[in-house]
Structure formats: C-alpha cells, structure tokens
Amino acid sequence: DAGITQSPRYKITETGRQVTLMCHQTWSHSYMFWYRQDLGHGLRLIYYSAAADITDKGEVPDGYVVSRSKTENFPLTLESATRSQTSVYFCASRAGTYNSPLHFGNGTRLTVT
Amino acid sequence: RKEVEQDPGPFNVPEGATVAFNCTYSNSASQSFFWYRQDCRKEPKLLMSVYSSGNEDGRFTAQLNRASQYISLLIRDSKLSDSATYLCVVNSPMDSNYQLIWGAGTKLIIKP
C-alpha cells in the first residue's frame, strides 16, 4: 500500500546502545522529516531532508544521525541512547512544493532504560 | 513572542455546539497554513489546508486573516469524536528556505 511506514512501532533499549528507527515512503516525496514528541509537549524537529543525500539539522539534532541514500528511506539512528531520548518519534514526508502538507507515519514509541 | 501560538485549552464543549479557535503567527511572509488533529500520542493527521479565501469541509471551516496574522478553525455541530488536540502549522520563510512551524496545539474535549 502507498504511504509512509515506520518500524518498529515499539522499542525498548538500554542506555548506551545504538538504535535505528526506520522510515519508508512510497509517494516519492522529496522532503522527509523526523520529529520527536514528549509527553504533554509539541512536536520538535530533529532532522529533515530535502532530497536524497541532502540532510539538515532541525531544532534538536544532538545525539541523532540520519542518512538518505534513497529517496524513499530516511533512517534515524541514536548513536548512544540516553534516557532523555525516551519519546515518540514521528517520520513525515511531503512533496516539494511549499504548500504541500506533511503526511506522518504512525510513530515509534522508544523507551530507553 | 513564539512564532506560532495557540491557546492550549482545554476547550470543554457540549456535543452539538459550535467551537472556534485561533492560531496566530508572527512572520507576515508566511505562505501556507494547515490544521492537523492529533489523538492522544498518535500521529498528527491533516484536517485541512487553509486557503486565502477561506475553505470549508463538511462541519469544518478554516479562515486566514493575513492583516491580523492568524488562522482560525470553526467546528459546527461538534461530535464526541472531535475530541482531540488541534495543531496549526505555518510554512514560514527562514534563511533561504521555508520551514514548517508548529503550534503547540489546542485541546478540545466534547462532552455528551
């Protein structure tokens, strides 16, 4: 089915471990985004990508790494997970025109113990 | 002043009533505007884009007031299922690009 999918849906990991969250979209959207949302708070942008091999930092990039070798995939890696990175992570994509809306994946709920 | 501001609520509204809330933005050069709804800890879902002339989708009406720099969302004949957090998003110029700036959301509770 067309759309944007994230995996895993739920992840529990230990402090210091590396974790990769996957995001895949089938629309060939040029823009992709990673947000985190902490309980009771709004969305905060971690990283975004305007096209394959083009990525840029958002509001809260520290402790995260992204790559985009293919248009459809935008994985997010936590190099050494910390408890403060416990959150819900949303991936989103949109087409290249400025008035295109974002479409979100259904999120990954990450717990770092 | 925050770039995009919303009243956090909650708005407690009886079923069947009409409710409206606004979202103000600070950058007068902002180009596109959207309303999303988010159910508890689920992904935000696009409710509607906001066009300059205003637009309606069933019970929902969105308006843009460029002079006063706000967008509004009106919900008529509210349903229990309308209970959610409503997020506004503004596409604003930043440096040489455009950035999507999110409001923190307005919580709406529809009561039977």
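Under a 5 Å amide H cut-off, with hydrogens placed 1.01 Å from N, A:THR86 pairs with A:VAL112 among residues at least 5 apart or on other chains. About its Cα centre, the dipole of the protein assembly as shown is roughly 380 debye, where the only charges are +1 on Lys and Arg Cβ and -1 on Asp and Glu Cβ. Tell me which residues come under 5 Å, amide H to amide H, from B:ILE101 once H is placed; ignore anything under 5 positions away on its chain. Here B:VAL90, B:ASN91, B:SER92 satisfy the definition. Derived from the Cα gyration tensor, the three semi-axes of the equivalent ellipsoid of the protein assembly as shown are 30, 21, 16 Å, largest first.
In loop segments of the range A:1-80 as defined by DSSP, the GluC sites (Glu not before Pro) with at most 15 further C-beta atoms inside 10 Å of their C-beta are A:GLU14, A:GLU59, A:GLU79. If a spin label sat at a point 7 angstrom from the Cα of B:SER68 along the line to its beta carbon, the backbone N atoms of the range B:24-61 nearer than 19 Å would be those of B:24-30, B:33-35, B:50-56, B:61.
Using a cut-off of 11 Å between beta-carbons, work out the net charge of the residues near A:ARG17 (Lys and Arg +1, Asp and Glu -1, A:ARG17 not included). Counting the neighbours of A:ARG17, the net charge comes to -1.
Cβ-Cβ distance of B:ARG59 and B:LYS2, R₀ of 30 Å, FRET efficiency by 1/(1 + (r/R0)^6): the value works out to about 0.55. Taking a Cβ cut-off of under 14 Å around A:TYR31, the surrounding Lys, Arg, Asp and Glu residues balance to a net charge of -1, with basic ones at +1 and acidic ones at -1. Taking +1 at the Cβ of each Lys and Arg and -1 at the Cβ of each Asp and Glu, which of A:ALA95, A:TYR47, A:VAL65 sits farthest along the dipole of the range A:38-113 towards its positive end, judged by Cα position relative to the Cα centre? Going by the charge dipole, the pick is A:ALA95. All other residues whose Cβ lies under 15 angstrom from that of B:MET48 are scored, Lys and Arg at +1 and Asp and Glu at -1, for a net of +1. What you get for chain B, charging only the Cβ of Lys and Arg (+1) and of Asp and Glu (-1), is a dipole of about 180 debye around the Cα centre. Per residue, the convex hull around the alpha carbon atoms of chain A comes to 95 Å³. Summary of the geometry: the range B:59-112 and the range A:28-87, compared by the centres of their Cα atoms, lie 24 Å apart.
The magnitude of the dipole of the range A:1-75, with charges of +1 and -1 set on the Cβ of Lys/Arg and Asp/Glu and taken from the Cα centre, is near 140 debye. Straightening the chain between A:THR77 and A:ASP53 buys 7.1 nm, computed as 0.36 nm per residue apart minus the Cα-Cα spacing.
Cross-link partners of A:LYS57 among lysines, defined as those whose alpha carbon lies under 25 angstrom from its own and excluding same-chain residues fewer than eight positions apart: A:LYS11, A:LYS70, B:LYS2, B:LYS42, B:LYS45.
Computed from the coordinates by the stated procedures, all read-outs in this text should not be read as laboratory data. As the structure is a computational prediction, the values presented were derived from the model and not from experiment. Using ideal geometry, Cβ is built from the backbone for each residue, glycine included, and neighbour counts are taken over all protein chains shown.
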